[in-house]
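The values are calculated or read from the model by the stated rules, or taken from the named source; none is laboratory data. Remember, predicted model here, so these are calculated numbers, not experimental data. All Cβ positions, glycine included, derive from the backbone under ideal geometry; neighbour counts span all protein chains shown. Each accessible area value is taken on the protein alone, full model and side chains, heavy atoms only, with ligands, DNA and RNA left out. Shrake-Rupley method; radii C 1.70, N 1.55, O 1.52, S 1.80 Å.
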Amino acid sequence: MVPDCGRPMSTRYHRDGRAAYECAASRADQTATPGCRSVAAATLDEAVAERLLAALNPEEVALALAAATEVADRQARTTRAAELAVERARYQADRAERAFHACEPENRLVARSLEARWEAKLVALAEAEQALTATQTKLTPLPQPAELEALTSDLPRL
């Protein structure tokens, strides 16, 4: 176990392309500070990769795939609900427009109230369309389950 000097580690690349993790304090003052260490990056990276691959067992991958499927289903339901809201608002706006046009011109009070109702329905339609657009742009594309399974089938090579 490497003693901890309490300072962060930084990455240093040697001229031959090798990388090392070094104590940031020793780089700052260019002296060998007691407790500061340097570790070859390849050694540490290999140990981290082994631990990661050990944690990514088939059961964990299956859980991740199930979670991705659930997120995709939830996104589809949210989008469909927004689409239905737009359809409902469009229908109500069309209905209010037909009622306004069916009104006799000499019934000014009725015509004014029908026109106000129609305008309110048009505002509701515009808001529903904006909500649908916001929902569609907010959705992050998820990879297909087959793609995820293909990626996870050979994790050590990846």
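The figures follow:
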quantity: Span per principal axis, largest first, for the Cα atoms of the stretch 53-144 (Å); calculated: 81, 15, 15
quantity: Ratio Rg/Rh [Cα only; Rh per Kirkwood] for the chain; calculated: 1.39
quantity: Estimated distance in nm for a label pair at residue 104 and residue 87, the labels positioned 7 Å out from Cα along Cα-to-Cβ; calculated: 3.8 nm
quantity: Computed lengthening from residue 95 to residue 11, 0.36 nm per intervening residue step minus Cα-Cα distance; calculated: 23.5 nm
quantity: Relative packing of 73-82, 98-107, 112-121, which averages over residues the other C-beta atoms within 10 Å, highest first; calculated: 112-121, 73-82, 98-107
quantity: Dipole magnitude of the chain, debye to nearest 20 (Cβ charges: Lys/Arg +1, Asp/Glu -1, about Cα centre); calculated: 440 debye
quantity: Two-site FRET efficiency, residue 130 against residue 153, from Cβ-Cβ distance with R₀ of 25 Å, rounded to 0.05; calculated: 0.05
quantity: Contour excess over end-to-end distance, with Cα ends at residue 77 and residue 138 and 0.36 nm allotted per residue; calculated: 20.6 nm
quantity: The chain: angle of helix 108-138 to the longest principal axis, Cα-based, in degrees nearest 10; calculated: 20 degrees
quantity: Accessible area (Å², per residue) of the chain, counting only protein heavy atoms and a probe of 1.4 Å; calculated: 76 Å²
quantity: Difference of contour (0.36 nm per residue) and Cα-Cα distance, residue 115 to residue 37; calculated: 20.3 nm
quantity: Cβ-based charge dipole, the chain, positive-most Cα from 137, 96, 56; calculated: 96
quantity: Charge tally in the Cβ shell below 15 Å around residue 62, where Lys, Arg are +1 and Asp, Glu are -1, residue 62 excluded; calculated: -4
quantity: Cα point-scatterer Debye curve for the stretch 105-158, base-10 log of I(q)/I(0) at q = 0.18, 0.23, 0.29 Å⁻¹; calculated: -0.76, -0.88, -1.02
quantity: Farthest toward positive dipole pole in the chain [+1 Lys/Arg, -1 Asp/Glu at C-beta], among 105, 17, 65; calculated: 105
